[in-house]
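Here's the structure we're looking at; comments come further down.
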Amino acid sequence: MGALVSDAIKSRFDLEGEPAPPSWDPIAAKKTRERLLSYPRLFPGHDVPLRREGNSFVPEGQAALGIRLANATEVHLAL
């Protein structure tokens, strides 16, 4: 079981430090994040799925970006 967290946790980097801006209510954002950290899997809005291992989350897979340019050239970036 996991949680679709969308922009509440945009990426694995939001799991460190204070909640990233923008936030209407930083205190509520921090409480939400703490509640979401109880799930074994997280599905962030801008990252690959994350799986709990011990006290931290690790990425499942590798993020990638594919771009097709106007001249039909394709560029693939591993993130």
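Specify the residue that is farthest from Asp14 (Cα to Cα); the eligible residues are those in segment 54-67 that are assigned to a strand (DSSP E or B) and not β-branched (Val, Ile, Thr).
The initial filter retains those residues of segment 54-67 that are assigned to a strand (DSSP E or B), namely 56-59, 64-67.
In the following step, the residues that additionally are not β-branched (Val, Ile, Thr) were identified as 56-57, 59, 64-66.
On the way: Ser56: 12, Phe57: 11, Pro59: 13, Ala64: 19, Leu65: 20, Gly66: 24 Å.
The extreme case among them is Gly66.
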Considering residues that are open to solvent by 70 Å² or more (accessible area, probe 1.4 Å) and acidic (Asp, Glu), the number found within segment 11-49 is 4
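Quick one: is Asp14 within 11 Å of the chain's Cα centre (by Cα), at pLDDT below 85 and not in a strand (DSSP E or B)?
Numbers: within 11 Å of the chain's Cα centre (by Cα): yes; at pLDDT below 85: yes; not in a strand (DSSP E or B): yes.
Here the answer is yes, as Asp14 does meet what is asked.
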All-but-one check, Ala70 against (1) part of a strand (DSSP E or B); (2) open to solvent by 60 Å² or more (accessible area, probe 1.4 Å), failing number (1)
The residue that is modelled with the highest pLDDT, considering only those in segment 40-79 that are small (Gly, Ala, Ser) and under 12 Å from the mean Cα position of the chain (by Cα), is Gly45
Of the conditions (1) touching a helix residue (DSSP H, G or I) at 6+ places or on another chain (Cβ under 7 Å); (2) open to solvent by less than 50 Å² (accessible area, probe 1.4 Å), the single one that Ala8 does not satisfy is (2)
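Taking the conditions exactly as written (of a type in the set (Val, Ile, Thr) and in contact (Cβ under 8 Å) with a residue 12 or more places away in the chain), does Val58 satisfy them or not? Talk me through it step by step, then tell me what you get.
On the way: of a type in the set (Val, Ile, Thr): yes; in contact (Cβ under 8 Å) with a residue 12 or more places away in the chain: no.
When the stated conditions are applied, Val58 does not pass them.
I'm trying to understand the selection: among the residues of segment 26-53, which are closer than 12 Å to Ala8 by Cβ, in a loop (DSSP other than H, G, I, E, B) and out of contact with any strand residue (DSSP E or B) (no Cβ under 6 Å at 6 or more places or on another chain)?
Those that are closer than 12 Å to Ala8 by Cβ, in a loop (DSSP other than H, G, I, E, B) and out of contact with any strand residue (DSSP E or B) (no Cβ under 6 Å at 6 or more places or on another chain): Leu37, His46.
The values are calculated or read from the model by the stated rules, or taken from the named source; none is laboratory data. Keep in mind the model is a prediction, meaning the values are calculated, not measured. Cβ: placed from backbone, ideal geometry, glycine included. Neighbour counts: every protein chain shown. Side chains included, ligands, DNA and RNA excluded: accessible areas come from the protein's heavy atoms. Shrake-Rupley method; radii C 1.70, N 1.55, O 1.52, S 1.80 Å.
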